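Peer 1: Dumping the structure here so I can ask a few things about it.
The values are calculated or read from the model by the stated rules, or taken from the named source; none is laboratory data. Everything numeric here is computed off the predicted structure, so don't read it as measured data. We place every Cβ from the backbone using ideal geometry, glycine too, and count neighbours over all the protein chains shown. Surface accessibility is based on the protein's heavy atoms, side chains included, excluding ligands, DNA and RNA. Shrake-Rupley method; radii C 1.70, N 1.55, O 1.52, S 1.80 Å.
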Amino acid sequence: MPEKPTLDGLEDRWARVWADEGTYAFDRSATREQVFSVDTPPPTVSGSLHVGHVFSYTHTDIVARFQRMRGKKVFYPMGWDDNGLPTERRVQNYYGVRCEPSLPYDPDFTPPEKPGKQQIAVSRRNFVELCETLTAEDEKAFEALWRRNGLSVDWSHGYQTIDARARAISQRAFLRNVERGQAYVSMAPTLWDVTFRTAVAQAELEDREHTGAWHRIAYHQGERSDGGSHGAQDVFIETTRPELIPACIALVAHPDDERYRALFGTTVRSPLFDVEIPVLAHPAAEMERGAGIAMCCTFGDLTDVQWWRELDLPNRTVINRDGRLLRDVPEWITSEQGRKRYEEIAGATVHTAKERIVAMLQETGELDGDVRPVTRPVKFYEKGDKPLEIVSSRQWYIRNGGREATMRDEMIARGQELQWHPEYMRHRYEDWVRGLNGDWLVSRQRFFGVPVPVWYRLDDEGEVRPDQVLTPTDDALPVDPSTDVPPGFTAEQRDVPGGFTGDPDILDTWATSSLTPQIAGMWTVDDDLFSRVFPMDLRPQAHDIIRTWLFSTVLRSHLEHDALPWAHAALSGWILDPDRKKMSKSKGNVVTPMGLLEEYGSDAVRYWAAGGRPGVDTAFDRGQMKVGRRLAMKLLNASKFILGVGVPAGEPDLSAVSTPLDRALLARLTEVVQKATAALEGYDYAVALELTEQFFWFFCDDYLELVKSRAYGEFDEAGRDSARATLAAALRVLQRLFAPVLPFVAEEVWSWWQEGSVHRAPWPDIHELATSAEVDPQVLTIASDVIGGIRRAKSEQKLSIRTEVESLSVQAAPAALEALREALSDVRAAGRVRDVELVVSPDGELVTTVGGPTA
RNA sequence: GGGCGCGUAGCUCAGCGGAAGAGCACCGGCCUUACAAGCCGUCGGUCGCAGGUUCGAAUCCUGCCGCGCCCA
């Protein structure tokens, strides 16, 4: 035990001991029942560390430490998320390269010292290797932070979401979905980001207010020549997307709409292009919106897709994947004038095409009245800044219940089976599942990521046959179809008629992230391990990715294992800056966590984090860190004091606890143990800490002061031994109660007098403080109240706390006085009281009168 | 527009049907042989607003207002 205890340096010292001694190593001989397994969220290593990481990961660590002390074999791995756009960008910029899957692998490639102005194209395998090199550096910084933060992770169990194991597992799970018909390829209208040139899934969408304008446009009834002014025979529609007139396939109105009933079944001719268009009825048309009759195009929005599908309309897409109109005049525009007009907009961007079309409509007089500006919600890719287009393309989907009611019900049932912390987060999941409107689009037209592990046959004309999918053998995984060859083919047959072609796409990052329990638990790689940890106990994560990460993980596990991936989901809140805004890098209000750990100490920062209840956003608060530091300091000093008084070695002998005050103290602590344990079992670490902390300060400020003299041996031996045994027993319990939240200081004080790590010591049991004799809790409360009264009197008279009190009069109910008598010698010693008078109070109220204190 | 959560002391929050609480801050004290990076004490609130249920409401119900998140 050091002369002058300090918090400085505890982190380094104990982190090293824990690593050397394998304190947190997973015991893989344990059976599933003995294991507590955690599906740790893999942090995005390319992102910067911020205090929110420390916050939420601490929560999980507290739970893991609690479970470990309860005797569970804790499986607590760490993964790194280096799959996806942030890493792709970082690798590109850092090395000055770009991923070009058509290139062959170059084993000798080394990136230039400094990135050049021109990006160097490299193969996908080279790109992935560079990614692994770069993220290895980022991971070191994360690991150093986590170790200093005190995460009790078993660092021998780790993964990267782009490493070979993760790629193989991701592809294997996907192929098994394909085999069972749970994943399928389809040529379908797809929401498309023209900037990123990739398809976008429902989970990545967001609605944003976008300014547009209503254009009132004439369609013409009957035979007409090209264009020209409109007449009485016109049908007016209102649209914000006049550039889609060449893609128009129908006009649609509600079946009950009297205004258009006569037109159903007839045709009209489109303005400018003079294409014959049917007028149809469909209930999705809104009578109140615009003119009540809508222009259905391929594709302006998702309603168009619905009409196209349900009304069995032709596909007349005019917008390319680059956001420009088709360069060739579409075949369905037949009139000479129409074809000439299309040439005006061929190859133009959507924006330019709109301007030109409007100009032409004004010229022909087919635009009626003024353009009316409107702001309305438009779908965007969450990372994009242009409205999404809808294009037709070949894509892979995984069934998620979005198109099948039975499966949707199954997914909802899974959500009900899962235990949510806090409970109300369940709604987010259910709302999401109920709102699904299609299957999960998993293919992305990006270059960096886990490749879609399939090839397609090419027919004799060299056309791709999406209906003839070629898959790899299982032992070949992971594969890259852009360089690897499907079974039964040779490299020479690539991209030649009668041969094959590789699927150029990659899988959505969530398609891999949704398998973190399988990746961490080594599904299909080490099935023995997997059987011991899966289904896992806990998924900790943030509440904003319930619809993505949580849902997709439940889905994959449901499809593959017909089980939940974990029993519990604990949703952490966010860190808010003092202005109640979410802390994020883009706002520039991020505090670096390492600096905090150094300034206040890790235990202090963990203390602050532990105050954030599950699911509740928490304010960044240095004040709480100071309080945490004080608490850690107090635990050092209180431990030093108790051990300095001299306590029996080894297990405390409770038979020596003979004094009523001591028994009452242990009884109260037992209650704390019972409540804190229940709270932690329910993932409520904040309540557990609060209870422990409240008791601890009472223990220090009142109980320690009361028994000090007795413990020093100023009275009789029995009283002394009773006090010392109580102090020892209480301290041993308190140090363990604090261990999950304050692992460093708890380990430090434990090491002064106990064997082994406190983090492997058994969690306090409610029976371990039980004494045989009857306990009167009032002894403790009245002793504490009276000592408080004496302090108040001294404080009011601005006297030193040491001042002797000549006489003390206590009025109280008879039972209370009886209890006080049991602790009177302690009270007198602590208050420096000479004479005491106990008076039965008529109303039972406690009155403490301090007489004649002399300075 | 829908769903969820939150409005309690200057600040951060607990309490969620039986006398308004904690910590921090503020203020006033105390060198007390574990800790002055400590300790003791004081001050401080129509519990967002309005109704209702109840013997009793911060707590339950309804409706507003404000903030946040998720989704349209």
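Peer 1: Quick check on my filter: what residues within the range A:34-70 are more than 23 Å from A:ALA686 (Cβ to Cβ), at pLDDT 95 or above and open to solvent by 10 Å² or more (accessible area, probe 1.4 Å)?
Peer 2: Result: A:GLN34, single match.
Peer 1: Okay, next question. Of all the residues that make up the range A:9-39, how many are under 26 Å from the mean Cα position of the chain (by Cα) and either among the basic types (Lys, Arg) or within 16 Å of RNA strand B (Cβ to nearest atom) (or both)?
Peer 2: Residues in the range A:9-39 being under 26 Å from the mean Cα position of the chain (by Cα) and either among the basic types (Lys, Arg) or within 16 Å of RNA strand B (Cβ to nearest atom) (or both): 1 in total.
Peer 1: Being surrounded by fewer than 23 Cβ atoms within 10 Å (Cβ to Cβ), within 16 Å of RNA strand B (Cβ to nearest atom) and of a type in the set (S, T, N, Q) is the requirement here; does A:THR6 meet it?
Peer 2: It is true that A:THR6 is surrounded by fewer than 23 Cβ atoms within 10 Å (Cβ to Cβ), within 16 Å of RNA strand B (Cβ to nearest atom) and of a type in the set (S, T, N, Q).
Peer 1: Residues that are out of contact with any Pro (no Cβ under 7 Å at 6 or more places or on another chain) and over 20 Å from A:GLU137 (Cα atoms): find the helices (runs of 4 or more DSSP H) completely inside the range A:1-115 holding 1 or more of those. Break it down stepwise before answering.
Peer 2: Numbers: elements: A:10-21, A:51-69, A:85-95.
Fully inside the range A:1-115 and qualifying: A:10-21, A:51-69.
Peer 1: Also, I was wondering about something else. Applying the selection to the range A:384-424, what residues are surrounded by fewer than 18 Cβ atoms within 10 Å (Cβ to Cβ) and part of a helix (DSSP H, G or I)?
Peer 2: Within the range A:384-424, A:ALA405, A:THR406, A:ARG408, A:ASP409, A:GLU410, A:ILE412, A:ALA413, A:GLN416, A:GLU417, A:GLU423, A:TYR424 meet the criteria.
Peer 1: How do the pairs read when you match residues in the range A:411-432 that are within 22 Å of A:ASP684 (Cβ to Cβ) with residues anywhere that are more than 8 Å from RNA strand B (Cβ to nearest atom) and among the hydroxyl-bearing types (Ser, Thr, Tyr), using Cβ under 7 Å and keeping only pairs 6 or more apart or on different chains?
Peer 2: Every condition considered, the pairs that remain are A:GLY415/A:TYR429; A:HIS421/A:TYR683.
Peer 1: Name the helices (runs of 4 or more DSSP H) wholly within the range A:737-855 that hold at least 2 residues that are outside the structural domain of A:PRO648 (by TED's automatic domain parsing) and either touching a strand residue (DSSP E or B) at 6+ places or on another chain (Cβ under 9 Å) or crowded, with 21+ Cβ neighbours inside 10 Å (or both)?
Peer 2: So the answer is A:778-796, A:814-822, A:824-831.
Peer 1: Being open to solvent by 10 Å² or more (accessible area, probe 1.4 Å) and closer than 20 Å to A:GLY222 by Cα is the filter here, so list the residues in the range A:239-263 that pass it.
Peer 2: A:ARG259, A:TYR260, A:ARG261, A:ALA262, A:LEU263
Peer 1: Looking at the range A:259-363, what strands (runs of 3 or more DSSP E) fall wholly within it and have at least 1 residues that are within 20 Å of A:SER392 (Cβ to Cβ)?
Peer 2: Filter on the range A:259-363 gives A:276-281, A:293-297.
Peer 1: Output the number of residues of the range A:669-687 satisfying the condition of being part of a helix (DSSP H, G or I), among the small types (Gly, Ala, Ser) and within 12 Å of RNA strand B (Cβ to nearest atom). First the steps, then the outcome.
Peer 2: Residues of the range A:669-687 part of a helix (DSSP H, G or I): A:669-681, A:685-687.
Filter once more, keeping what is among the small types (Gly, Ala, Ser): A:676, A:678-679, A:686.
This time we only want the ones that are within 12 Å of RNA strand B (Cβ to nearest atom), so: A:679, A:686.
Here the count works out to 2.
Peer 1: Another one. Can you name the number of the only condition in (1) within 10 Å of RNA strand B (Cβ to nearest atom); (2) at pLDDT below 90 that A:ASP577 fails?
Peer 2: Of the numbered conditions (1) within 10 Å of RNA strand B (Cβ to nearest atom); (2) at pLDDT below 90, the odd one out for A:ASP577 is (1).
Peer 1: Could you please give the count of residues in the range A:502-522 that are open to solvent by 20 Å² or more (accessible area, probe 1.4 Å) and on the phi < 0 side of the Ramachandran plot? Step through it out loud before you land on a result.
Peer 2: Taking the range A:502-522 as the starting set, the residues that turn out to be open to solvent by 20 Å² or more (accessible area, probe 1.4 Å) are A:504, A:509-510, A:522.
Then keep just the ones that are on the phi < 0 side of the Ramachandran plot; that gives A:504, A:509-510.
The total comes to 3.
Peer 1: Run down A:LEU799, A:LEU817 and say which single residue is within 13 Å of RNA strand B (Cβ to nearest atom) and free of Cβ contacts under 8 Å to residues at least 60 places away in the same chain.
Peer 2: On inspection, the qualifying residue turns out to be A:LEU799.
Peer 1: Residues in the range A:443-458: is at least one open to solvent by 30 Å² or more (accessible area, probe 1.4 Å) and within 16 Å of RNA strand B (Cβ to nearest atom)?
Peer 2: no
Peer 1: Continuing with the same structure: For the range A:18-41, indicate whether the set of residues that are closer than 16 Å to A:PRO743 by Cβ and polar (S, T, N, Q) is non-empty.
Peer 2: Yes, the range A:18-41 contains at least one residue that is closer than 16 Å to A:PRO743 by Cβ and polar (S, T, N, Q).
Peer 1: Spot the failing condition for A:ARG629; the list is (1) closer than 22 Å to A:GLU748 by Cα; (2) within 16 Å of RNA strand B (Cβ to nearest atom); (3) over 33 Å from the mean Cα position of the chain (by Cα), and only one is missed.
Peer 2: For A:ARG629, the exception is condition (3).
Peer 1: Given (1) hydroxyl-bearing (Ser, Thr, Tyr); (2) free of Cβ contacts under 8 Å to residues at least 60 places away in the same chain; (3) crowded, with 16+ Cβ neighbours inside 10 Å, identify the lone condition not met by A:THR471.
Peer 2: Looking at each condition in turn, A:THR471 falls short on (2).
Peer 1: Follow-up. Residue check: is A:VAL775 farther than 17 Å from A:VAL827 by Cα, out of contact with any Asp or Glu (no Cβ under 8 Å at 6 or more places or on another chain), of a type in the set (A, V, I, L, M, F, W, C) and away from RNA strand B (no atom under 12 Å from the Cβ)?
Peer 2: Yes: the conditions hold for A:VAL775.
Peer 1: Look through A:LEU643, A:LEU666, A:LEU635 and report the one residue that is assigned to a helix (DSSP H, G or I) and more than 12 Å from RNA strand B (Cβ to nearest atom).
Peer 2: Matching residue, one of A:LEU643, A:LEU666, A:LEU635: A:LEU666.
Peer 1: Among what's in the range A:507-554 and is charged (D, E, K, R) and within 13 Å of RNA strand B (Cβ to nearest atom), pick the residue that is modelled with the highest pLDDT.
Peer 2: It comes out as A:ARG547.
Peer 1: Next question, about the same structure. Restricting attention to the range A:710-736, and to residues there that are of a type in the set (A, V, I, L, M), open to solvent by less than 10 Å² (accessible area, probe 1.4 Å) and over 42 Å from the mean Cα position of the chain (by Cα), which single residue is farthest from A:ASP662 (Cα to Cα)?
Peer 2: Restricting to residues being of a type in the set (A, V, I, L, M), open to solvent by less than 10 Å² (accessible area, probe 1.4 Å) and over 42 Å from the mean Cα position of the chain (by Cα), the top hit is A:ALA711.
Peer 1: Between a residue in the range A:356-369 that is of a type in the set (Ser, Thr, Tyr) and any residue that is buried (at least 16 other Cβ atoms within 10 Å of the Cβ), which pairs come within a Cβ distance under 8 Å, given they are 6 or more apart or on different chains?
Peer 2: If the second residue must be buried (at least 16 other Cβ atoms within 10 Å of the Cβ), the pairs left are A:THR364/A:GLY227; A:THR364/A:PRO271; A:THR364/A:LEU272.
Peer 1: Is it true that some residue in the range A:288-302 is over 15 Å from A:ARG241 (Cβ atoms), free of Cβ contacts under 8 Å to residues at least 60 places away in the same chain and out of contact with any strand residue (DSSP E or B) (no Cβ under 8 Å at 6 or more places or on another chain)?
Peer 2: Yes: one or more hits.
Peer 1: Working only within the range A:370-382, note down all residues that are open to solvent by 50 Å² or more (accessible area, probe 1.4 Å), touching a strand residue (DSSP E or B) at 6+ places or on another chain (Cβ under 8 Å) and farther than 16 Å from A:THR190 by Cα.
Peer 2: Within the range A:370-382, A:VAL371, A:ARG372, A:PRO373, A:THR375, A:PRO377 qualify.
Peer 1: State all residues of the range A:163-219 that are assigned to a loop (DSSP other than H, G, I, E, B) and not small (Gly, Ala, Ser); if no residue qualifies, say none.
Peer 2: Selection gives A:ASP163, A:ARG180, A:GLN182, A:VAL194, A:THR195, A:PHE196, A:ARG197, A:VAL200.
Peer 1: Restricting the search to the range A:187-212, which residues are surrounded by 15 or more Cβ atoms within 10 Å (Cβ to Cβ), touching a Lys or Arg at 6+ places or on another chain (Cβ under 8 Å) and more than 19 Å from A:ARG446 (Cβ to Cβ)?
Peer 2: Result: A:HIS210, A:GLY212.
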